[in-house]
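Participant: Questions regarding the structure given below will be posed in turn.
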Amino acid sequence: MKYQHIIFDFDGVLVESNEIRFNGFRKLFKDYPQDQIERLVSYAKANGGVSRYKKIEYFFNEIRQEPVSDGQVDHWAVQFSELVEQDIVEAKSVEGSLEFLREYFNHFDFAIVSGSDQAELRRVCKKRKIDHFFKAILGSPAEKKDNIAALLSELNWSHDRSVYVGDSNNDRDSARANNLDFVGRCSGLVDWQNFNVMFVLDLSSLYKVLH
């Protein structure tokens, strides 16, 4: 087996939660003009894997052309968590993901590196009763590529024995930045057939692709 360590993105890879997050922005900014909210949602879809902190900054700085402080960004980010967290706890698992984790838990080392807020992500994994599968669960505000680098270094995982499974261009770029092989999951964010990468429709076929 080529790989010993598998790093997963969370939304759209382990859990079908991308739409919950997109709708979270609609709820969060419901008092703002509709066209501005939809521009943010379009940005969020095109930049899957980028943290909510960056997306909130983008909404104010680029779309609304108004300054926003770090404190205000943090405030909005906490509100976003409150709007989406329980829905994500209850969201459907990506097909084959739970089976893969259970079946290969003793064959591979697993970790999560996600653009989701780290504290929220850890709470969600605990409530979904999957946290015990992972050697580490890392999220924002640190950037994904930096978290992957820290994870590899801290756990002493070799680059050539590690693979990152994600569903966005940001995921692929973060894997490349760390010289990792990448597997794209077809969640609807990216049509991986247009790229020269390994990809799976869901996690029920992941083992075959890795083997």
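The values are calculated or read from the model by the stated rules, or taken from the named source; none is laboratory data. As the structure is a computational prediction, the values presented were derived from the model and not from experiment. Cβ placement follows ideal geometry from the backbone for every residue including glycine, while neighbour counts extend to all protein chains displayed.
Participant: Out of all the residues in the stretch 77-96, which are touching a residue at least 60 places away in the same chain (Cβ under 8 Å) and crowded, with 22+ Cβ neighbours inside 10 Å?
Facilitator: Hits for the stretch 77-96 are 84, 88, 94.
Participant: Let me ask another. Only one of (1) crowded, with 17+ Cβ neighbours inside 10 Å; (2) out of contact with any helix residue (DSSP H, G or I) (no Cβ under 7 Å at 6 or more places or on another chain); (3) touching a residue at least 60 places away in the same chain (Cβ under 8 Å) fails for residue 60. Which number is that?
Facilitator: (3)
Participant: Can you name every residue in the stretch 176-208 that is over 11 Å from residue 6 (Cβ atoms), free of Cβ contacts under 8 Å to residues at least 60 places away in the same chain and not in a loop (DSSP other than H, G, I, E, B)?
Facilitator: 176, 177, 182, 184, 192, 193, 194, 198, 199, 200, 208
Participant: If you check every pair at least six apart or on different chains, which have Cβ atoms under 6 Å apart with a residue in the stretch 160-171 that is over 16 Å from residue 5 (Cβ atoms) first and a residue that is hydroxyl-bearing (Ser, Thr, Tyr) and outside any helix (DSSP H, G or I) second?
Facilitator: Pairs found: 167/187.
Participant: For the stretch 48-68, how many residues are part of a helix (DSSP H, G or I) and among the acidic types (Asp, Glu)?
Facilitator: Going through the stretch 48-68 one residue at a time, the tally reaches 2.
Participant: Run residue 142 past the list (1) part of a helix (DSSP H, G or I); (2) without any contact (Cβ under 8 Å) to a residue 40 or more places away in the chain; (3) within 25 Å of residue 86 (Cβ to Cβ) and report the number of the one that doesn't hold.
Facilitator: Failed condition: (1).
Participant: Another question about this same structure. Report yes if some residue within the stretch 126-139 is assigned to a loop (DSSP other than H, G, I, E, B), assigned by TED's automatic domain parsing to the domain that holds residue 10, surrounded by fewer than 21 Cβ atoms within 10 Å (Cβ to Cβ) and free of Cβ contacts under 8 Å to residues at least 24 places away in the same chain; otherwise report no.
Facilitator: Within the stretch 126-139, one or more residues are assigned to a loop (DSSP other than H, G, I, E, B), assigned by TED's automatic domain parsing to the domain that holds residue 10, surrounded by fewer than 21 Cβ atoms within 10 Å (Cβ to Cβ) and free of Cβ contacts under 8 Å to residues at least 24 places away in the same chain.
Participant: Oh, and also: Can you tell me how many residues within the stretch 59-73 are acidic (Asp, Glu) and closer than 16 Å to residue 24 by Cβ?
Facilitator: Total meeting the criteria: 0.
Participant: A further question follows. Can you spot a residue in the stretch 160-177 that is at pLDDT 95 or above, surrounded by fewer than 17 Cβ atoms within 10 Å (Cβ to Cβ), of a type in the set (D, E, K, R) and farther than 26 Å from residue 199 by Cβ?
Facilitator: no
Participant: Name the residue, out of 45, 2, that is among the charged types (D, E, K, R) and assigned to a loop (DSSP other than H, G, I, E, B).
Facilitator: After ruling out the rest, the residue left standing is 2.
Participant: If you check residue 43 against the conditions, is it surrounded by 16 or more Cβ atoms within 10 Å (Cβ to Cβ) and touching a Leu at 6+ places or on another chain (Cβ under 8 Å)?
Facilitator: So residue 43 fails the test.
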